[in-house]
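K.L.:
Below is one structure. I have some questions about it.
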Amino acid sequence: MIYSIKGNLMYYELGFVIVDVNGVSLQIFVPNSIMDKLPSVNQEIFLYTHFIVRQEELSLYGFLTSQDKSIFALLLSVNGVGPKSAMGLLSIFDSTDIAEAVVAGDVD
């Protein structure tokens, strides 16, 4: 399990960042909602991560807070919700709002 990443932000665009960790560049998918909270390019960044291993792909998802990472994992446990859907929800809604909706059973 890769719990977190700390390195230099090398590049970003909507939906992902490239982080250099001691000479290894990692593509990390991030919610669109954090784009305005990222440090400047060539500055240090710390992300909590969720590593997904699939038969054809290894994917790393990053979050600025451990709460967002936990909500992502919670969403993945819902039948029919995959990483792209979970990232889409975190791009639109605050993690607190998602947690409250899950607890309340609000499927809308």
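The values are calculated or read from the model by the stated rules, or taken from the named source; none is laboratory data. Since we're looking at a predicted model, the values are computed, not measured. Note that we place each Cβ from the backbone using ideal geometry, even for glycine, and neighbour counts take in every protein chain shown. Just so you know, the surface numbers come from the protein's heavy atoms only, side chains and all, with ligands and any DNA or RNA stripped out. Shrake-Rupley method; radii C 1.70, N 1.55, O 1.52, S 1.80 Å.
K.L.:
Since Val21 meets every condition but one in (1) touching a residue at least 40 places away in the same chain (Cβ under 8 Å); (2) over 21 Å from Val81 (Cα atoms), which condition does it not meet?
P.N.:
All conditions pass for Val21, except number (1).
K.L.:
Show me the helices (runs of 4 or more DSSP H) entirely contained within region 26-107 in which 1 or more residues are more than 26 Å from Tyr11 (Cβ to Cβ) and either open to solvent by 50 Å² or more (accessible area, probe 1.4 Å) or hydroxyl-bearing (Ser, Thr, Tyr) (or both).
P.N.:
Here the list reads 66-76, 95-104.
K.L.:
A further question follows. Keeping to region 1-10, report how many residues are surrounded by fewer than 13 Cβ atoms within 10 Å (Cβ to Cβ) and part of a strand (DSSP E or B).
P.N.:
Going through region 1-10 one residue at a time, the tally reaches 2.
K.L.:
Residues in region 12-59 that are modelled with pLDDT of 95 or more and farther than 21 Å from Leu90 by Cβ: how many?
P.N.:
Number satisfying all stated conditions: 11.
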